[in-house]
Structure formats: structure tokens, C-alpha cells
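Accompanying notes for the structure given below.
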Amino acid sequence: MSEKVLITLEACPEFQKGHTILLYHSMKDEVQTHAFIEKWSRSKRIILPVVTGDELELRVYTGPQDLAIGSYGIAEPTGAPFTDYETIDLAVIPGVAFDRYGHRLGRGKGYYDRLLPQIPAPKVGICFPFQLIEEVPAEAFDFRMDTIIAQ
């Protein structure tokens, strides 16, 4: 199921044209991005989030040899922080659920809701078809996706 979602993502003009892509290193219940990151890191600059306290810090992916298991058991880059948010061409975001209005249900800590307002790039939520639901409960501070890919 992950492959179909990622093929659709690859076909997006923003992904095709983009040089710097914010992705995520997937957990077991998310669209699997590990091989996708490795594949595209050869031709694009891949940025991955790292949990630091109550915030997400971004770092450049430089290869599997530079990943360490961080918070929540997620493999995270160990390099220097990436702060040039203006150069990110596309932000690809996971979620527990999404709705057709672009609302996203995360894991409840608000990490992405605090990070995404700082990133001017288009935001694409990716999920499995069963994670696309009629309506996600949303608050004023919840950050909406520009597009949702669920196939």
C-alpha cells in the first residue's frame, strides 16, 4: 500500500521540480518511507525531522550510517540542524488520519502544528486509504495540508 502512495507523490509537479524535500522516517503504522528516502537522496536534498524536547528540529539526511534511534524509536539524522526553511520546496507530512479539508490528526503532541507555520512550502499529507476519513476534529491551531495523498 505504501508503494501506491509514494508513486502518486513522485508524480506531483512539486515533488518532480523540488530540490529540497521535507520527508519523515516512517514508523511501522505509517506510509513506509525508508527506501523512498534512500532512493531520492541521490538526486534531492532530503530533510528529516528530529524530536528535541517539545519541538521538531530539521536535519539533512546524509545516509543510513548517520541515523540514530531517537524519541519514539524513530531513526533520526545526527547531523547539524537545518534552519533554511525558505529553501524547502515540498513538505511531506505523516498523520494518523486526514480529511478532505486538509485537516490532520497527529499523535497528539503538536510537533508538526508548531513546525509547519515556519515552512512556506506546499504541505502534502500522505496516508493509507483507510486513514482518509470524513472529518478530523480540528482546532484553530491545527495546521492544514494543501493536499492529501491516500493512494
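General observations
- Assessment of the range 30-40 against the conditions (open to solvent by 30 Å² or more (accessible area, probe 1.4 Å), free of Cβ contacts under 8 Å to residues at least 60 places away in the same chain, assigned to a loop (DSSP other than H, G, I, E, B) and in contact with a helix residue (DSSP H, G or I) (Cβ under 6 Å, 6 or more places away or on another chain)) yields at least one matching residue.
- For the range 13-29, a residue qualifies if it is assigned to a helix (DSSP H, G or I) and open to solvent by less than 70 Å² (accessible area, probe 1.4 Å), and exactly one does: Phe15.
- Only residues that are touching a residue at least 12 places away in the same chain (Cβ under 8 Å), small (Gly, Ala, Ser) and closer than 23 Å to Asp113 by Cβ were counted in the range 44-74, giving 3.
- Checked against the criterion of being closer than 26 Å to Arg144 by Cβ, touching an Asp or Glu at 6+ places or on another chain (Cβ under 9 Å) and of a type outside the set (Gly, Ala, Ser), the candidates Tyr24, Tyr72 yield just one match: Tyr24.
- Pair list, Cβ < 7 Å and 6+ apart or interchain, from the range 134-147 residues that are assigned to a loop (DSSP other than H, G, I, E, B) to residues that are surrounded by 15 or more Cβ atoms within 10 Å (Cβ to Cβ) and of a type in the set (Gly, Ala, Ser): Val136/Ala97; Arg144/Gly102; Met145/Gly102; Met145/Gly125; Asp146/Gly102
- Scan of the range 17-57 for residues that are in contact with a Pro (Cβ under 8 Å, 6 or more places away or on another chain) and acidic (Asp, Glu), ordered by number: Glu30, Glu38, Glu57
- Residue list for the range 57-96, restricted to those being touching a helix residue (DSSP H, G or I) at 6+ places or on another chain (Cβ under 8 Å), among the hydrophobic types (A, V, I, L, M, F, W, C) and open to solvent by 20 Å² or more (accessible area, probe 1.4 Å): Val96
- Leading residue by the ranking (farthest from Leu9 (Cα to Cα)) among those in the range 46-68 that are touching a Gly at 6+ places or on another chain (Cβ under 9 Å) and either assigned to a strand (DSSP E or B) or aliphatic (A, V, I, L, M) (or both): Thr52
The values are calculated or read from the model by the stated rules, or taken from the named source; none is laboratory data. Not measured: the values here are computed from a predicted model. Please note: Cβ atoms are built from the backbone with ideal geometry, for glycine as well, and neighbour counts cover all protein chains shown. When the accessible area is computed, the model is the full protein with side chains, heavy atoms only, and any ligands, DNA or RNA have been set aside. Shrake-Rupley method; radii C 1.70, N 1.55, O 1.52, S 1.80 Å.
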